[in-house]
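Nothing in this text is a laboratory measurement; each read-out follows from the coordinates by a stated rule. Quick caveat, the model's predicted, so the values are computed rather than measured. Here the Cβ positions follow ideal geometry from the backbone for every residue, glycine too, while neighbour counts run over all protein chains shown.
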Amino acid sequence: MISALTNYLQNQPLPLSEETGSAADIQASQAVTDSSADSPENALYAPSQRALMVSAVATDFDVTALSASDTSSLQQRLQQYGLVSGQDLNAFAVINTARAELSEEDTINAVALLDDAVDQFAVKGVAYSERQQVSKLHTLIHNIASARPLQ
């Protein structure tokens, strides 16, 4: 998983304010990636980049109990990892609206909230584009919930 994240981050453009890494650092990270790609267990199954990113997000966020600060951090992390686009973030209005009705200490269950939103599509007559956005977020949040390590 670390090698996949390293590979993903290596392919991202560097900000102009940071200096590039040394050649030794780049070779070391490539060696880690190359050695893990040759292992026999990777020959049978190689998880997709998206699955690795979802798993990384799932280790940091419990989508069944999001606090106020976690909600905005989750949005940023999903966009940073490329799991949602700017337009898809409009679906977070469902979560943020429910979040506004609670106190700062309360947590919100994003999985249940999005399940309810999807169930209400026909009743409320939601526009097609909004249904698409909410459905994408619904699927992503369920993927994050299922990737969460058992405790």
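Quick notes
- Order of ILE108, ILE144 - criterion: other Cβ atoms within 10 Å of each residue's Cβ, fewest first: ILE108, ILE144
- Percent of Cα pairs in segment 49-147 per distance bin of 10 Å, from zero to the largest separation: 16, 52, 29, 3.
- Spin-label model distance (nm) - ASP119 vs ARG50, 7 Å beyond Cα toward Cβ: 2.6
- Karplus (6.51, -1.76, 1.60) ³J(HN,Hα), θ = phi - 60°, over segment 98-107, in Hz, Gly and Pro reported as x: 5, 5, 5, 7, 10, 7, 4, 7, 6, 10
- Computed label-point distance, nm, for sites ALA100 and GLN132 using a 7 Å Cα→Cβ extension: 2.6
- Student exercise, segment 50-110 dipole from Lys, Arg, Asp, Glu Cβ charges, in Debye to nearest 20: 340
- For segment 98-149, GluC sites (Glu not before Pro) are listed when DSSP marks them as loop and at most 12 other Cβ atoms sit within 10 Å of their Cβ; the list is GLU101, GLU104, GLU105.
- Built amide H within the under 5 Å cut-off of ALA65, gap 5+: ALA110
- What the phi angles of segment 127-138 give under the Karplus curve with 6.51, -1.76 and 1.60, with θ = phi - 60°, is a coupling list of 4, 4, 5, 5, 4, 4, 4, 5, 5, 4, 5, 4 Hz, glycine and proline written as x.
- Sequentially through segment 69-81, phi angles give Karplus couplings (6.51, -1.76, 1.60; θ = phi - 60°) of 6, 5, 4, 6, 5, 4, 4, 5, 5, 4, 6, 4, 7 Hz, Gly and Pro residues having no value and appearing as x.
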